[in-house]
Amino acid sequence: MTEGGFQFGPKLSEYVDKIVASYDADARIRHVGQVYLPDRVEIVRLVRKLLELIYPGFVGRRNLTPNNVARHVGDLLPEIGELTYRQVLHSLCHVDETENPDASPGKPCAAKAEQVSFAFIDAIPAIREMLAADVQAVRDGDPAVLNMDEVILACPGLLAISVQRLAHALYALDVPIMPRIMTEWAHSKTGIDIHPGARIGRHFFIDHGTGVVIGETTVIGEHVKVYQGVTLGALSIPRDDRGRAIRKTKRHPTVKDNVTLYANAIVLGGETVIGENSVIGGSVFVTSSVPPNSVVTFKPPELRLKNRTSPESPRPPAGQPGYMPDYTI
Amino acid sequence: MTEGGFQFGPKLSEYVDKIVASYDADARIRHVGQVYLPDRVEIVRLVRKLLELIYPGFVGRRNLTPNNVARHVGDLLPEIGELTYRQVLHSLCHVDETENPDASPGKPCAAKAEQVSFAFIDAIPAIREMLAADVQAVRDGDPAVLNMDEVILACPGLLAISVQRLAHALYALDVPIMPRIMTEWAHSKTGIDIHPGARIGRHFFIDHGTGVVIGETTVIGEHVKVYQGVTLGALSIPRDDRGRAIRKTKRHPTVKDNVTLYANAIVLGGETVIGENSVIGGSVFVTSSVPPNSVVTFKPPELRLKNRTSPESPRPPAGQPGYMPDYTI
Amino acid sequence: MTEGGFQFGPKLSEYVDKIVASYDADARIRHVGQVYLPDRVEIVRLVRKLLELIYPGFVGRRNLTPNNVARHVGDLLPEIGELTYRQVLHSLCHVDETENPDASPGKPCAAKAEQVSFAFIDAIPAIREMLAADVQAVRDGDPAVLNMDEVILACPGLLAISVQRLAHALYALDVPIMPRIMTEWAHSKTGIDIHPGARIGRHFFIDHGTGVVIGETTVIGEHVKVYQGVTLGALSIPRDDRGRAIRKTKRHPTVKDNVTLYANAIVLGGETVIGENSVIGGSVFVTSSVPPNSVVTFKPPELRLKNRTSPESPRPPAGQPGYMPDYTI
């Protein structure tokens, strides 16, 4: 190659100055000179370690036996404890530091972070029990899976609910930001966007999952099934007098036990309740409550069918040069 | 920072015991004391090596020349052979071990794994030929791409079909679980969920792709185009007397040659056939067969248009404090 | 384990020959013997470094202070310069080499690559300013976020627009292929597919985002909001006399200032203009222009509601063996 390298030469300091000036000009998107900030990389590392703890032998270290499993857990737990503690600490202290920059936030949030970390680790066996029921739900509901192990190794819906149940435990302990980073990692991997605030009952099944959105204040019962593209969303966003969205109002639906929501169904509104044992058909758009034991389907829009060939204009064979469809979107 | 570290102290063994007790309490989501299990990390490594073999110079090692290419292939193939063999072996023996825990599964599945691995590697040149036609299909169909190379480097639809064609070869050789792990990796990267069981003809084009779902028993002809959000799905799921889904029944549609399916079209049902040369318009919802040469569009729902400003109530300029939209979802 | 390893043995050279013959048979999907090709791995590395430069302290190196920030920028910039230059060079020379294989493309494209790289780096402070307004837009629009920092750490819509604004700068400088690799990386991470060609005004907000498609020739004003599943797409694709798509014609919509597009809205066509201050409701399908200050909603398809239980046939309790839904999709 003839091209050689790229050199700023003496102009480098000029370029650096422009970038630094751009940092100085607007404090909103820099994190310079502050101490606390949750670390996305470390939080993802923690999530992976938690999945290794929850699904032993499936994630991370393999070849576990009854003889080595306790030592494996004994290796994992201190690492999980440390990662949890540090990220909870940064999340809690970050809010203190941001909202009250003159105080020194270290001590009270350190104490709270320790307490939260233990409470979170205490909750892991109960979360595992929930997740075992979720794995069973996928096994029972998806005709394309062979066994429970395939669910754990391959199904994105299980990954999404696994991470959300962990994140929800931290959310319920009032940890800011960190739970959302966890669920957004799962969103990135699966296309399934479940806010950590959503309260989701046992034996939950998401199939395919891409495009699913489940909002912060959604409440879901037991034995609920959700297919790809389902939105459980807000109908309107309450705003303050500066026009900014107000947080934490109940603005997403309630879905009762044994409800199934088929692909691309959209259910909106904080007062909308889908009654138990109901089925919401594919592509149904609902903004008001549905009584228990209902089957809701939509009358599909009228279809227009026309024949695309006419005897006067013979077409070149499809796939050949010159072939042109009549209609495109 | 004032916070110090996090210590379990003497309570560690208590925590470990609780986790191990949770493993003992429910065998469904642990893999402890068994020998065989496909390894997702190794399977992804294999997929990347297969893509390097199929698209030489584009993926993995660069700067290939006519002089070094044979040696490059000679380095790659043994690695691919070993990875394929081990993961096929684990997939086959895992099922044997799970279904018949008292037998020692090693020998028969090792022999079958070797046979399957050679059959798979034998199929690679034919898969490459299919994929060259798929690259051409994207090049011809997507006005936003410059040339074939951009398709290989950037288009998610090509990644999805590349992995699915490889996974389908293993699925057709009766390898369990491993093919689904392959396609779910592609699903995670692209938002395109094609089950390894789907049979897909030559010159296949998926544009944008996010949200596409193509079910296990789908059959697709040649020169078919699919846009984002298209579902080729099941209308009902056959269940056994315990209410569990029954596998492998034909429950997804058949799409004949030269069909185009525009964005968010939904076609459901194992007996639904889209006849050749047909066009299924965007957002069309079809649960019964469509004759050849059809153009199917939907009559879009009636729109309601109202003016959001009224002379009596002047609004603050949009984007300013106090500005509020009339309508939100 | 009893299985041993996998050996090609003396057949290896036969397998290698078959693969190399498959390379020789079709030049379309190999890159052998040519010099230039953009490198996806290096481009992703560059994107990460650019995000580190734009959001200091949030991405990559942490614990920045007013004392070390200039040195940090002084470390990053030469690396960014070198990565930018090499990938721009490969992108430009690749096209020269492909279109004119007999010429030696090195010198003119090296000169242009240097010029483009400086122009791109010059643009970074202005891009940062745009992105600060985008962060503000998410903060103001999403009731589930706490503060600006959470937006930067967690919101996929911000990642998508950050990468697109960087890619658009290179697109506007006539760099081929590389910008699309950048936005397809963001697409892979977020499910949001914004072509680098789209022109997008300040203070842009995408919520949830999975399934969003914004085409190459889309033009978007300021203060626009877009929710999950929105398509700004083409109504028809102009084709040449060989049936291949023609590039760069205006085929995607224009969206004016202060427009909101709710979930799954579809707007198609290069002559379609959504007038300023308009609201396009969820699931609305629009193929013609909408006047300013409009609120467009769709009359949702009629719903059919039936009760799924009848007194004659008592059902087993939901979730129990034998329980079967009446209706499935």
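The values are calculated or read from the model by the stated rules, or taken from the named source; none is laboratory data. Bear in mind the structure is a predicted one, so any value in this text is a computation, not a measurement. We place every Cβ from the backbone using ideal geometry, glycine too, and count neighbours over all the protein chains shown. Protein only, heavy atoms only, side chains kept; ligands, DNA and RNA dropped before computing areas. Shrake-Rupley method; radii C 1.70, N 1.55, O 1.52, S 1.80 Å.
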If you check each cysteine of chain C for another cysteine whose beta-carbon is under 4.7 Å away, which ones come up empty?
-> C:CYS155
Cα gyration tensor shape of region A:1-56, rounded if a/c is under 1.5, else prolate or oblate by comparing a/b with b/c = oblate
Calculate the mean, over all residues of peptide B:227-236, of how many other protein chain Cβ atoms lie within 10 angstrom of the residue's Cβ.
-> 6
Could you order C:PHE118, B:PHE120 so the one with the most accessible surface comes first? Probe is 1.4 Å.
-> C:PHE118, B:PHE120
In the Gaussian network model of chain A, springs joining C-alpha atoms below 10 Å, which of A:LYS18, A:LYS107, A:LYS256 carries the largest mean-square fluctuation?
-> A:LYS18
Calculated on alpha-carbon atoms, Rg and Dmax of region A:29-111 in Å = 16.8, 53
Cα centre as origin, Lys/Arg/Asp/Glu Cβ charges: chain C dipole, Debye = 500 debye
Top to bottom by accessible area (1.4 Å), largest first, where do A:GLU129, A:GLU184 land?
-> A:GLU129, A:GLU184
Could you please state how large a percent of the accessible area of region B:2-89 is carbon and sulfur, counting protein chains only and using a 1.4 Å probe?
-> 51 percent
Select from region A:143-161 all residues whose loss of accessible area on going from the chain by itself to the full protein assembly reaches 50 Å² or more (probe 1.4 Å).
-> A:PRO143, A:ALA144, A:LEU146, A:ASP149, A:GLU150, A:LEU153, A:ALA154
Nm distances between the label at B:LYS250 and the same-position labels in the remaining copies, 7 Å along Cα→Cβ, shortest first?
-> 4.9, 4.9
How much accessible surface area, in Å² rounded to 10, belongs to the heavy atoms of A:GLU222 with a 1.4 Å probe?
-> 80 Å²
Considering only the label points, 7 Å along Cα→Cβ from Cα, what distances in nm to one decimal separate A:PRO10 from the same position in each other copy, shortest first?
-> 7.1, 7.1
Once you have the Kirkwood Rh of region A:24-67 from its Cα pairs, apply Stokes-Einstein at 10 °C and 1.306 mPa s and quote D in µm²/s.
-> 117 µm²/s
The protein assembly as shown - accessible surface per residue (Å², probe 1.4 Å) | 37 Å²
Answer check: region C:128-246, Cα atoms, Kirkwood Rh, Rg/Rh ratio of 1.01
Candidates C:GLN87, C:GLN34, C:GLN164; GNM for chain C (alpha-carbon contacts under 10 Å) flags as most fluctuating C:GLN34
Alpha carbon convex hull of the protein assembly as shown, projected area averaged over orientations, nm² | 41.7 nm²
What is the interface area between chains A and C, defined as buried accessible area summed over both chains with a 1.4 Å probe, reported in Å² to the nearest 100?
-> 7600 Å²
Taking Rh as the Kirkwood radius, which is the inverse of the mean 1/r over Cα pairs, what is the Rg/Rh value for chain A?
-> 1.09
Determine the shielding of peptide C:47-58 by partner chains: average, over its residues, the number of Cβ atoms on other chains within 10 angstrom of each Cβ.
-> 3
When Cβ neighbours within 10 Å are restricted to other protein chains, what is their mean count per residue of peptide C:20-27?
-> 6
Per-residue HN-Hα couplings for region C:257-268 [Karplus 6.51, -1.76, 1.60; θ = phi - 60°; Hz; x = Gly/Pro] = 4, 6, 8, 10, 10, 7, 3, 6, 5, 10, 10, 10
Got the A:GLY33 label distances to the other copies yet, label 7 Å along Cα→Cβ, in nm, shortest first?
-> 6.1, 6.1
Go ahead and set up a Gaussian network model of chain A, Cα springs under 10 Å, then flag whichever of A:LEU268, A:LEU64, A:LEU50 fluctuates most.
-> A:LEU64
Projected area averaged over all directions for the convex hull of the alpha carbon atoms of region B:161-223, nm², comes out at 3.8 nm²
Between the modelled labels at B:LEU305 and B:ASP174 (7 Å from Cα along Cα→Cβ) the distance in nm is 6.2 nm
